[in-house]
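Participant: Attaching a single structure in structure tokens format; questions to follow.
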Amino acid sequence: MSERSDLQGRHIVLGLTGGIACYKSAELVRLLTKAGATVQVVMTEAAEAFITPVTMQALSGRAVVTSQWDAREPNNMAHINLGREADAVIVAPASADFIAKLAQGRADELLSLLCLARPRERCPLLVAPAMNREMWSHPATQRNVATLVADGTLILGPGCGDQACGEVGDGRMLEPAELLDDLIAFFQPKLLTGRRLLITAGPTFEPIDPVRGITNHSSGKMGFALARAAAEAGADVTLVAGPVHLPTPRGVKRVNVMTAQQMYEAVVPHASAYEVFIATAAVADWRPANLSEHKIKKEGKKLAPTFELTENPDILAAVAALPKPPYCVGFAAESENLLEHARAKLIRKRIPLIIGNLGPATFGRDDNALLVVDAQAHHALPADGQPVDKLTLARVLMQELAQRLQAVQA
Ligand code: C5P
């Protein structure tokens with residue numbers, strides 16, 4: 001979940017229709033407002049059977065609208081006013097019946113009326129279905145959903161799993177945090193639509209014996225932020241992650257690995273199929289030459305054990321040396337002389353772009369300050385050098401990457 005104000009200044013109409021998932025919409029209102037949005041809740045009569053307008057009013061800080069005959073509106077046209085004010089309408093949960101109504105363009109109560117009356121070119125409609133798996137998979141529902149998509153509606157989910165009816169399958173409403181992330185992503189500029197990006201992140205873990213190993217303090221946060229920002233920008237993203245406990249960003253394919261060798265295998269043979277490779281992983285330079293099959297015991301030893309180390313392959317350099325390499329972006333975590341070291345790495349690895357950061361100042365943290373270095377020039381990100389959160393940085397980097405890709409392909 002985001003602590004940034006990703007929806008600052010956005011006004012969202014949240015429509016609730018009849019479904020047990022209405023209880024999740026209460027949490028969704030909290031998340032939307034925490035992210036900076038103002039939220040106007042609109043409820044159908046069926047939604048009121050599941051949750052009260054009192055709850056939704058208290059959470060949104062605005063009176064809930066439930067009827068097209070609500071005389072509080074000076075012009076008595078709630079269905080027009082609501083859509084004109086909103087940056088987006090999101091219906092969550094959207095019942096099978098409501099989806100059918102939308103597909104037919106019916107408008108016999110306030111929510112469907114405002115969905116039909118909203119200015120489509122500047123007020124998008126997002127729909128989060130929530131229903132029993134049989135209802136979801138029914139050809140009628142699938143037909144209706146296809147109609148909504150053809151009409152320009154964005155369908156969020158549904159998720160798969162346990163259902164309130166006791167059955168298991170497709171049709172659950174997405175979790176509030178997932179809906180929030182999807183809405184935030186929806187508002188991001190689609191600068192990388194159709195581009196394929198491969199990203200490594202996190203540390204590697206090089207085992208010494210079954211219980212010990214060599215690793216480092218990389219948290220993976222920068223790489224995961226880049227993967228999320230790339231997916232938000234419309235890219236098709238694969239994230240090869242070392243051992244970290246971070247949630248996979250929405251829409252990102254994740255491949256988990258442990259060692260540098262595994263990361264190499266997960267990346268190098270596939271890298272030519274991507275347009276961009278971003279190496280944020282802090283790959284261990286060396287691994288123990290021999291893996292002890294059993295735990296190395298302290299008892300009965302006078303001297304501490306010694307280990308022979310062997311060098312790990314350089315994944316980034318190997319990708320850059322492919323006959324058809326993707327556009328390669330490296331990271332340089334240094335403790336001093338950032339520009340000098342970053343430039344030296346750029347040349348040594350034969351890559352067009354490297355991002356320098358001060359390792360001890362950023363490892364494990366949510367914020368960072370970067371130095372963007374290519375063969376000719378360099379600049380600080382942010383320009384004043386003051387750390388900002390990693391997702392904000394990642395989004396700016398994606399804008400820059402989109403420009404650089406256009407330039408190399410021009
Ligand atoms: O050589 P050094 O580790 O300082 O370079 C850092 C950059 O190279 C990072 O982008 C890192 O992900 C990548 N790297 C790699 N494989 C290695 C070592 C580093 O991909 N074995």
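Participant: Given Cα pairs under 8 Å that are at least 6 residues apart, what percent is the relative contact order of the stretch 325-410? Display every interim value, and only then the final one.
Facilitator: Numbers: 122 pairs, mean separation 19.0, N = 86.
Once normalised by length, the contact order is 22 percent.
Participant: Counting only GluC sites (Glu not before Pro) that are in a DSSP loop and have at most 10 other C-beta atoms within 10 Å, tell me the longest site-free stretch of the chain. Present the calculation step by step, with values, prior to reporting the outcome.
Facilitator: Details: sites that count: Glu3, Glu121, Glu293, Glu299, Glu308, Glu336.
Within the chain, the longest run free of exposed GluC sites (Glu not before Pro) spans 122-292.
Participant: Along the stretch 113-129, what does the Karplus equation 6.51 cos²θ - 1.76 cosθ + 1.60 (θ = phi - 60°) give for ³J(HN,Hα), rounded to whole Hz, x for Gly and Pro?
Facilitator: 4, 6, 4, 6, 8, 5, x, 4, 6, 10, 10, x, 10, 10, 10, 10, x
Participant: Hey, how many Å between the Cα centroid of the stretch 207-281 and the Cα centroid of the stretch 290-310?
Facilitator: Cα centroid of the stretch 207-281 versus Cα centroid of the stretch 290-310: 30 Å apart.
Participant: Amide H of Gly213: which non-local residues (sequence gap of 5 or more, or other chain) have their own amide H closer than 5 Å, using H built in the peptide plane?
Facilitator: Ile208
Participant: Further question: Loop sites only, by DSSP: take the trypsin sites (Lys or Arg not before Pro) in the chain that have at most 12 other C-beta atoms within 10 Å and name the longest stretch containing none of them. Kindly include the intermediate steps, with their values, before the conclusion.
Facilitator: Numbers: sites that count: Arg72, Arg122, Lys295, Lys297, Lys298, Lys301, Lys302, Arg350.
The reported range is 123-294.
Participant: Mind giving me the FRET efficiency for His138 and Arg350? R0 is 60 Å, r the Cβ-Cβ distance, nearest 0.05 is fine. Mind dumping the intermediate values first?
Facilitator: Working: r = 56 Å, r/R0 = 0.93.
Computed FRET efficiency for His138 and Arg350 comes out at 0.60.
Participant: Related question: Please say if the chain is rounded, prolate or oblate, where rounded means a/c under 1.5 for a ≥ b ≥ c the square roots of the C-alpha gyration tensor eigenvalues, and otherwise the choice is prolate for a/b larger than b/c and oblate otherwise?
Facilitator: Numbers: a/c = 2.43, a/b = 1.93, b/c = 1.26.
Prolate.
Participant: Next question, about the same structure. Please identify which residues in the stretch 33-77 have an amide N closer than 16 Å to a label point set 7 Å out from the Cα of Arg84, following the Cα→Cβ vector.
Facilitator: 72-77
Participant: Counting only C-alpha contacts under 8 Å and six or more residues apart, can you give the relative contact order of the chain as a whole percent? The partial results should precede the final answer.
Facilitator: Working: 858 pairs, mean separation 43.1, N = 410.
RCO, the chain: 11 percent.
Participant: Same structure, new question: May I ask you to compute the full-extension gain from Ile155 to Ala407, defined as 0.36 nm times their residue separation minus their alpha-carbon distance, rounded to one decimal in nm?
Facilitator: Numbers: separation 252, 0.36 × 252 = 90.72 nm, distance 3.40 nm.
Residue separation times 0.36 nm, minus the Cα-Cα distance, leaves 87.3 nm.
Participant: Going 7 Å from the Cα of Glu299 in the Cα-to-Cβ direction, what parts of the stretch 182-224 have a backbone nitrogen less than 11 Å from that spot?
Facilitator: none
Participant: List the aspartates and glutamates whose Cα sits under 18 Å from the Cα of Lys324, skipping any in the same chain fewer than 8 residues away.
Facilitator: Glu265, Glu275, Asp314
Participant: Continuing with the same structure: Using a Gaussian network model of the chain whose springs link C-alpha atoms within less than 10 Å, name the residue from Ser292, Ser137, Ser95 with the highest mean-square fluctuation.
Facilitator: Highest fluctuation of the listed residues: Ser292.
Participant: Say R0 is 60 Å: what FRET efficiency, to the nearest 0.05, do Leu322 and Ala71 get from their beta-carbon distance? Walk me through the numbers on the way to the answer.
Facilitator: On the way: r = 69 Å, r/R0 = 1.14.
The computed FRET efficiency comes out at 0.30.
Participant: For the stretch 282-297, take each phi angle, set θ = phi - 60°, evaluate the Karplus expression 6.51 cos²θ - 1.76 cosθ + 1.60, and give the result in whole Hz per residue in order, putting x for glycine and proline.
Facilitator: With coefficients 6.51, -1.76 and 1.60, one gets 8, 7, 5, 6, 10, 10, x, 5, 10, 8, 6, 5, 10, 4, 6, 8 Hz.
Participant: Taking Lys221 as the anchor, which lysines have their alpha carbon closer than 21 Å to its alpha carbon, excluding any fewer than eight residues away along the same chain?
Facilitator: Answer for Lys221, where 21 Å is the Cα cut-off: Lys253, Lys390, listed by chain and number.
Participant: OK, next. Please list, ordered by chain and number, the residues whose modelled amide H lies under 5 Å from the amide H of Asn312; skip anything fewer than 5 residues away on the same chain.
Facilitator: Trp286, Arg287
Participant: Right, next: In whole Å, how far is the Cα centre of the stretch 113-128 from that of the stretch 33-78?
Facilitator: 16
Participant: Something else: How high is the FRET efficiency from Thr52 to Ser5, r the C-beta distance, R0 30 Å, rounded to 0.05?
Facilitator: 0.55
Participant: A further question follows. Relative contact order of the stretch 11-187, please, whole-number percent, based on alpha carbon pairs below 8 angstrom and at least 6 residues apart. Walk me through the numbers before you get to the answer.
Facilitator: Numbers: 350 pairs, mean separation 40.0, N = 177.
Relative contact order for the stretch 11-187 comes out at 23 percent.
Participant: Helix 221-232: angle to the longest alpha-carbon principal axis of the chain, degrees 0 to 90, nearest 10?
Facilitator: 40
Participant: Sequence neighbours fewer than 8 away in the same chain don't count; with that in mind, list the aspartates and glutamates whose C-alpha is under 14 Å from Lys297.
Facilitator: By straight Cα distance, Lys297 reaches Asp209.
Participant: Let me ask something else. Give a residue-ordered list of calculated ³J(HN,Hα) values for the stretch 176-189 (Karplus: 6.51 cos²θ - 1.76 cosθ + 1.60, θ = phi - 60°; whole Hz; x for Gly, Pro).
Facilitator: Karplus-based 3J(HN,Hα) across the stretch 176-189 equals x, 5, 6, 5, 4, 4, 5, 5, 4, 4, 4, 7, 6, x Hz.
Participant: Sticking with this one: Using a Gaussian network model on the chain with a 10 Å cutoff between Cα atoms, which of Ala71, Ala86, Ala94 fluctuates the most?
Facilitator: Ala71
Participant: By how many nm would the segment from Arg30 to Ala380 lengthen if fully extended, with 0.36 nm per residue of separation less the alpha-carbon distance? Write down the numbers at each step before the final one.
Facilitator: Working: separation 350, 0.36 × 350 = 126.00 nm, distance 3.54 nm.
Extra length available between Arg30 and Ala380 comes to 122.5 nm.
Participant: Okay, moving on. Using the 10 angstrom Cβ neighbour count as an exposure proxy, how do His294, His79, His378 rank, fewest first?
Facilitator: Details: His294 8, His79 23, His378 15.
Final ranking by Cβ density, sparse to dense: His294, His378, His79.
No value in this document is a laboratory result; all are computed from the given coordinates. Since the model is a prediction, treat every value here as computed from it, not as a measurement. Note that we place each Cβ from the backbone using ideal geometry, even for glycine, and neighbour counts take in every protein chain shown.
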